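Please treat every number below as a calculation from the coordinates, not as lab data. For clarity, every value in this text was computed on a predicted model and none was experimentally measured. Backbone-built Cβ (ideal geometry, glycine too); neighbour counts: all protein chains shown.
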Amino acid sequence: MTEYHGNVHVGGPVQTHELAQLMISKVAVGPMNNNAYLLRCRQTDEQVLIDAANDADTLLTVIGSGGITRVITTHQHGDHWQALAQVVAKTGATTVAGREDAEGIPVQTDETVGDGDRIKVGRLGLEVIHLAGHTPGSIALLYDDPTGAPHLFTGDSLFPGGVGNTRGDKKNFESLINDVETKLFDRLPDETWVYPGHGADTTLGTERPSLPEWRGRGW
């Protein structure tokens, strides 16, 4: 197995992060270079997909014969659900999204979630963290690994170098930066691995010194 570094590109190979109890496979899809993540419980082989963003055939190949029980959509923007209908049609998976974003996703959301809710992945669980600002119902997903660092899937709310785009809306930016600071940086340790909706991975420790700069620049 190739050492995991989290750098993927459209048409390129999948990167797989092997944890003690969870396998995380990262693939890039679509014209907007979205990241999709397949999570598999190593005890039960149950799988969950985060963001059926595009390229259904690619995602279904990554999912393989084991299928998936759920597809979680991190937020309502169209580049994160282009393949959702096809993936659900092929797998019969339950759809999950943030409560405030569900109406903006044109595939029915079977389960709406909010702060503190838990989503099962076999014998493991993901904690839902609501981060309002990029969209009203954006969610991050936390896997608090009992054997190592936490792992955090942030959608488009946190990237290397800043929070998600709030399109110049001061109120939305303040909401997002406050949520990211209080719910992520104030709570989780520096070694927390961050998996964003586009581009390379990072850690909270790498980004933490830049928080005052982000707040000062307003984006």
task: Rounded to whole Hz and in sequence order, give me ³J(HN,Hα) for region 50-67 from the Karplus expression 6.51 cos²θ - 1.76 cosθ + 1.60, θ = phi - 60°, writing x for Gly and Pro.
output: 9, 6, 7, 6, 5, 6, 3, 4, 5, 5, 5, 5, 5, 4, x, 6, x, x
message: Over the Cα atoms of region 8-57, what radius of gyration and what Dmax do you get, in Å?
response: 11.3, 35
- prompt: Give me the Kirkwood hydrodynamic radius of region 34-125 in Å, from all C-alpha pairs, to one decimal place?
  reply: 13.0
message: Viscosity 1.567 mPa s, temperature 4 °C: what is the translational diffusion coefficient of region 90-198 from Stokes-Einstein with a Kirkwood Rh over Cα pairs, rounded to a whole number of µm²/s?
response: 89
message: Given Cβ point charges of +1 (Lys, Arg) and -1 (Asp, Glu) and nothing else, what value in debye, to the nearest 20, does the dipole of the chain about its Cα centre take?
response: 100
- prompt: Amide H to amide H under 5 Å from ASP117: which residues, 5+ apart in sequence or cross-chain, H placed 1.01 Å off N in plane?
  reply: VAL128
message: Given a 10 angstrom Cα cut-off, can you work out which residue in SER175, SER157, SER25 is the most mobile in a GNM of the chain?
response: SER175
- line: Non-local residues with an amide H under 5 Å from the amide H of ALA53, with H modelled 1.01 Å from N and Pro and chain starts lacking one, are ALA83
Mean separation of Cα contacts under 8 Å, 6 or more apart, over the residue count of the chain: relative contact order %: 14
statement: Honestly region 79-145 on the Cα gyration tensor test (a ≥ b ≥ c root eigenvalues; a/c under 1.5 rounded, otherwise a/b vs b/c for prolate or oblate) is just oblate
statement: Here the averaged projected area of region 151-219, based on the convex hull of its alpha-carbon atoms and given in nm², is 4.0
statement: HN-Hα couplings for region 169-181 via Karplus (6.51, -1.76, 1.60; θ = phi - 60°), in whole Hz with x for Gly/Pro, come out as 7, 4, 4, 5, 5, 4, 4, 5, 5, 5, 5, 4, 5
message: Using square roots of five times the C-alpha gyration tensor eigenvalues, list the equivalent-ellipsoid semi-axes of the chain in whole Å, biggest first.
response: 25, 20, 16
task: Give me the percent of DSSP beta bridges within region 1-71 that run antiparallel, rounded to the nearest 5.
output: 90
statement: For region 141-154, in residue order, the Karplus 3J(HN,Hα) values (coefficients 6.51, -1.76, 1.60; θ = phi - 60°; whole Hz; Gly and Pro = x) are 10, 10, 9, 8, 4, x, 10, x, 5, x, 10, 10, 9, 9
message: Over the chain, with a Gaussian network built from C-alpha contacts below 10 Å, which listed residue (GLY78, GLY64, GLY161) shows the highest mean-square fluctuation?
response: GLY64
